[in-house]
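What follows is calculated from the coordinates using simple rules that are stated; it is not laboratory data. As the structure is a computational prediction, the values presented were derived from the model and not from experiment. Reconstructed Cβ throughout: ideal geometry from the backbone, glycine too, with neighbour counts over all protein chains shown.
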Amino acid sequence: MAISEGDKIPAVNLRQMTAEGPKEVSTDALFKGKRVVLFAVPGAFTPTCSARHLPGFVEKADQLKAKGIDTIACVSVNDAFVMDAWGKAHNCAGKVEMLADGNGDFTRALGLEMDATKVGLGQRSKRYSMLVEDGVVKQLNVEQPGAFEVSSAEYMLNRL
């Protein structure tokens, strides 16, 4: 069953690249006491994710933070090296934290996985965005397959 508004984010470790290499980041630490906009993409460097989804959050980062958002984070079923390279390619530093869910543990814990084996991607995350306040989901926007509307930065900004 998929996570819903009002549910607590499950305790899972993600990975994030640091100067010392990949570092574990617990979801408890990521969300505790903060207002976080988290968005997920099916894959780094994929067409819609690279052309529209991530760039939208980078472009709107200041506006989102002006509305009381402490952290904007992107998660994908990719490794920390790929997420780091993708973040650098889109100038995410200081705007969007790039989080790796390499084994899909977080995605499965949320119940938001999708099977993309037909296109050679294996098990991935659905495209979504959410507003999380102190570890509780306050807003959840899950896209229909192939769509890009409700998970966009613009949509989130309009709903804050």
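Remarks
- Per DSSP, loop GluC sites (Glu not before Pro) in segment 1-110 with at most 12 further Cβ within 10 Å: GLU5, GLU20
- Computed as a quarter of the hull surface, the mean projected area of the alpha carbon convex hull for segment 1-134 stands at 7.8 nm².
- Nearest-20 debye value, segment 1-95 charge dipole, Cβ charges on Lys, Arg, Asp, Glu: 260
- The string of couplings for segment 150-160 from the Karplus curve (6.51, -1.76, 1.60, θ = phi - 60°) is 7, 9, 6, 4, 4, 4, 4, 4, 5, 9, 7 Hz, one whole number per residue in order, with x for Gly and Pro.
- In this structure, the residue pairs whose Cα-Cα separation is over 24 Å, taken from LYS32/LYS138; LYS23/LYS67; LYS23/LYS95; LYS23/LYS60, are LYS23/LYS67; LYS23/LYS60.
- What the phi angles of segment 79-95 give under the Karplus curve with 6.51, -1.76 and 1.60, with θ = phi - 60°, is a coupling list of 7, 5, 5, 5, 5, 5, 4, 5, x, 5, 5, 10, 6, 7, 3, x, 10 Hz, glycine and proline written as x.
- Extension gain (nm, one decimal) between ARG52 and LYS32, 0.36 nm per residue minus Cα-Cα: 4.3 nm
- Total formal charge among the other residues, if their Cβ is under 12 angstrom from that of HIS90, Lys/Arg +1 and Asp/Glu -1: +1
- Charge context of LEU157, other residues only, Cβ under 10 angstrom, K/R +1, D/E -1: +2
- Computed helical MRE - 222 nm, the chain, DSSP H runs ≥ 4 contributing -39500 (n - 2.57), nearest 500: -6000 deg cm²/dmol
- Coupling constants for segment 140-147 follow from the phi torsions by the Karplus curve (6.51 cos²θ - 1.76 cosθ + 1.60, θ = phi - 60°), and in residue order they are 9, 10, 9, 6, 6, x, x, 9 Hz; glycine and proline get x.
- Summing +1 for each Lys or Arg and -1 for each Asp or Glu among the other residues whose beta-carbon sits under 11 angstrom from that of VAL37 gives +4.
- Near VAL12, the amide H atoms lying under 5 Å from its own belong to THR27, ASP28; only residues 5 or more places off or on other chains count, and H is placed 1.01 Å from N.
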